[in-house]
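Have a look at the structure below, then the notes.
The values are calculated or read from the model by the stated rules, or taken from the named source; none is laboratory data. Values in this document were obtained by computation on a predicted structure and should not be read as measured data. Reconstructed Cβ throughout: ideal geometry from the backbone, glycine too, with neighbour counts over all protein chains shown. Please note that ligands, DNA and RNA were not included when accessible areas were found on the heavy atoms of the full protein model with its side chains. Shrake-Rupley method; radii C 1.70, N 1.55, O 1.52, S 1.80 Å.
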Amino acid sequence: MTSSTPARPSDSARRRGSARPIAAAGAVTLAVVGTLALASPAAVAAPDKPVVTVVATGGTIAGKATGREAFTSYRAGTYTMDDLLAQLQPEIAEIADVNVIQFGNKGSGGYTISEFYDLTRTVEQALETSDGVIVTTGTDTQEEFAYWLDLTVQSPKPVVTTGAMRPWAAGDSAGEAPVFGADGPANLFTAIRLAASQQTYCFGTVLMLNDEIHAAREVTKGNATMNDTFQTRLVGALGWVAGSDIYLNRAPARVLDCGTDAWATPFDLSTISAGDLPAVEIMYNYQAASGAGIRAFADAGATGIVTAGTGAGGISADASAARRDAVARGVWFVSTTRTGSGAVESTGEGIIAGLDLLPQKARLMLMLTRAFTTDIEQARVWFDTVAAPSFDMSAYADAGPEPTPSEEPTTEEPSGEPTTGEPSEEPSGEPSEEPSGEPTDGPSTDAPTGVTDEPSDTSSSPAGAASGGSSGGPLAFTGAGSVPLVLGVALVLIVSGAAVHGHRRRARHLTMTA
Ligand code: SIN
């Protein structure tokens, strides 16, 4: 795995000393994060600006409308990224040195899997010389772009996808006749700010739109036309952006593997060619669904089929019969739910549990899995780990860092005095932009009430599936005893967002290997 140098400080080291990138060497050294977080922005020398590369693929963000009011009447993928970025000058130059790769300029749905392969290679190449990459795409399949990159990019540097729900302008250039309330300029500007901040280092790919930051694995487009279209059901967004402040209250669980080989996925595309990526299709189940779709896909040469079943993955009797026939012909199935959230855990001969992956995400995962292994038991392990990275902090139940009374902050009562060296909880020097219009679907839905500890696998348990996706070994809380209380609290907040989920995953593994 590529191991990058710790990110440079950025202008987004901000109030509350919020998360700095994890600078890990070997074991995850979360205490180092805390140490960096304490650095006062003013005390940090600002050497070079971060280098950010925008890989542009088109979409509505580059769309030309038929009129300034024509929110839904436009041609996607019209303006070049150079033209769009010119509209953000000179402000964007204050934040980053921005390079552009015009990868393509069309609607998101027009990209082939072979182009997805090329996109990953392009992003990885850009990350060799950049601190972060933005991929601009149409929003229709942006969640698939994002998850594909999440699964295939091997660098831990920030990758951020963004786009827009309204076309940029109605003129011959992006600078003429701006569309009323176009969201593209703000989304592009904010995505660059986010990547430049390095705050999502080791998060994998994130999607940033409408000031919300979502995990690629979990996000989905939830509305056909509205600006706040992206949602992460059940667990909510990772965070949000308010002006120049970036708030990240959760992290994808793979962040705990930062700095270890376990962080990277097995899907290093430099070891295969685009032609190795097989045909994988999706069958949507519904009342009395015919098995004709599955039969047709198998006849057409699909090596994998994802079923988007009802409830916990059910498919009709005819579809089930067709699946049995296809399995006998060597087709692998992944069972998912059409409900939009919740985990499908049932497995069977030739059938892999898709857990809580959305069908369109499971399809990409299955495609990569089929390209990298012929062993379905290995595939099960990858679906259970790579595709479902999960927190599991149980190792700390006995060995975790527990502050002793003597290490607690003792006599420093803040008593309303202005602070001196330590960062304050209060945004003292900031304009007090109280978020009157804050996003409301953030972490408030964090409580994963639908997650249970119930193991329901009854067959095909992978013999080697003993370890969770993010349990690459004991974590080292280096010097945790001296970490100030505020850091401890911050760490608990980050981890607790998914800790319950982690328990479910652990219970599942234990059952499978029993
Ligand atoms: C597209 O996905 O290319 C069109 C729709 C959009 O960008 O919002």
**Prompt:** Can you pull the percent of region 269-385's accessible area that's carbon plus sulfur, 1.4 Å probe, other chains left in place?
**Reply:** 50 percent
**Prompt:** Ordered by residue, what ³J(HN,Hα) values in Hz, to whole numbers, does region 276-284 give under the Karplus form 6.51 cos²θ - 1.76 cosθ + 1.60, where θ = phi - 60° and Gly and Pro are x?
**Reply:** 7, 7, x, 6, 9, 10, 10, 10, 9
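Leaving ligands and nucleic acids out of the surface, order LYS106, LYS221 by accessible area at 1.4 Å, largest first. Let's see the in-between values first.
On the way: LYS106 70, LYS221 40 Å².
In descending accessible area the options line up as LYS106, LYS221.
Roughly how many Å² is the accessible area per residue of region 269-385, as a whole number, for a 1.4 Å probe? Write out the running numbers ahead of the final one.
Details: 4380 Å² over 117 residues.
Spelled out: the 1.4 Å probe surface of region 269-385, per residue, equals 37 Å².
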**Complete:** If amide H atoms are modeled at 1.01 Å from N in the peptide plane, then the residues at a separation of 5 or more from VAL100, or on another chain, having amide H under 5 Å from its own are VAL54
**Message:** Could you tell me how far the Cα centroid of region 54-92 sits from the Cα centroid of region 152-184, in Å?
**Reply:** 6 Å
**Complete:** Given backbone amide H placed at 1.01 Å from N, residues whose amide H is under 5 Å from that of VAL235, ignoring those fewer than 5 places away on the same chain, are none
**Request:** Using amide H atoms built 1.01 Å from N in the peptide plane, name the residues 5+ places from SER390, or on other chains, whose amide H lies under 5 Å from its own.
**Result:** GLY469, SER470
**Prompt:** How much of ILE272 can a 1.4 Å solvent probe reach, expressed as accessible area in Å² and rounded to 10?
**Reply:** 20 Å²
**Item:** Extreme residue, positive dipole direction of region 316-398, given options LEU366, ALA353, PHE383 (C-beta unit charges)
**Value:** LEU366
**Fill in**
The pairs in LYS64/LYS361; LYS49/LYS361; LYS49/LYS221; LYS106/LYS221 lying past 27 Å Cα-Cα in this model are LYS64/LYS361; LYS49/LYS361; LYS49/LYS221
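Going through region 66-137, which GluC sites (Glu not before Pro) have at most 14 other Cβ atoms within 10 Å and a DSSP loop state? Working shown, then result.
Numbers: sites: GLU69, GLU91, GLU94, GLU115, GLU124, GLU128; in loops: GLU69.
Of the GluC sites (Glu not before Pro), the ones in loops of region 66-137 whose Cβ has at most 14 other Cβ atoms within 10 Å are GLU69.
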**Message:** Please report the spacing between the Cα centers of region 225-246 and region 329-365 in Å, no decimals.
**Reply:** 26 Å
